[in-house]
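Worksheet: the structure to be examined is printed underneath.
The values are calculated or read from the model by the stated rules, or taken from the named source; none is laboratory data. All figures in this text were calculated on a predicted structure; none of them were measured in a lab. Reconstructed Cβ throughout: ideal geometry from the backbone, glycine too, with neighbour counts over all protein chains shown.
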Amino acid sequence: MNIAKIMIPKALTVFLRENNTVRQGLETMLHHGYTALPVLDQHNRYIGSITEGDLLRYIMDIGTTDKRFMEDDLLGSIMRRDFCPAITIDADEKEVIHAITNQNFVPIVDSQNALCGILTRRGVICYLAEE
């Protein structure tokens with residue numbers, strides 16, 4: 001399976017940075033309509049994903065939906081780094097199938113853990129249907 005051929009490249013992927021504020025994360029998620037987004041560090045390495053659930057837990061912890069309070073904390077401090085594990089761009093078909101059955105999207109990284117793009121369930125299903 002040629003992952004590079006079926007993934008959505010990083011340039012077309014919505015992602016966040018760990019030093020974005022919680023408000024920036026929430027507004028980006030709302031604007032694009034996604035329920036989870038990849039998060040990168042300052043070196044463009046994939047470190048995990050942020051979800052609506054993470055943001056909801058944060059709002060419950062601070063006790064307000066006032067966006068001004070969401071400017072005080074960074075996404076890196078509230079995200080779950082073990083959520084939505086990535087696979088490498090040279091992963092075999094078995095790894096891809098296993099990952100995509102457990103996640104709506106799978107981050108694709110290179111040998112340096114830099115984000116190359118994402119694979120969606122739809123993309124994998126369409127690829128397999130054409131084979």
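Of all residues in the stretch 100-115, those that are without any contact (Cβ under 8 Å) to a residue 40 or more places away in the chain have Cβ atoms under 6 Å from Cβ atoms of residues that are in a loop (DSSP other than H, G, I, E, B), 6 or more apart or on another chain, in Q103/C84; D110/I89. Taken over the stretch 23-53, residues that are under 12 Å from the mean Cα position of the chain (by Cα) and more than 24 Å from S111 (Cα to Cα) amount to 6. Across the stretch 62-79, not a single residue is classified as loosely packed, with under 12 Cβ neighbours inside 10 Å, closer than 30 Å to E131 by Cβ and of a type outside the set (S, T, Y). Scanning the stretch 1-27 for residues that are in contact with an Asp or Glu (Cβ under 9 Å, 6 or more places away or on another chain), of a type in the set (D, E, K, R) and modelled with pLDDT under 95 gives no hits.
The set of residues from the stretch 32-54 being surrounded by fewer than 17 Cβ atoms within 10 Å (Cβ to Cβ) and of a type in the set (V, I, T) comprises just one member, T35.
Among the residues making up the stretch 15-72, those that are of a type in the set (D, E, K, R) and out of contact with any Ser or Thr (no Cβ under 8 Å at 6 or more places or on another chain) are R17, E18, R23, E27, D41, R45, D54, R57, D61, D66, K67, R68.
In this structure, is R57 touching a strand residue (DSSP E or B) at 6+ places or on another chain (Cβ under 8 Å), over 26 Å from E131 (Cβ atoms) and surrounded by fewer than 15 Cβ atoms within 10 Å (Cβ to Cβ)? No. Scanning the stretch 2-25 for residues that are among the small types (G, A, S) and closer than 13 Å to T120 by Cα returns a single hit, A4. Considering only the stretch 86-112, state which residues are out of contact with any strand residue (DSSP E or B) (no Cβ under 6 Å at 6 or more places or on another chain) and farther than 17 Å from V124 by Cα. Result: S111, Q112.
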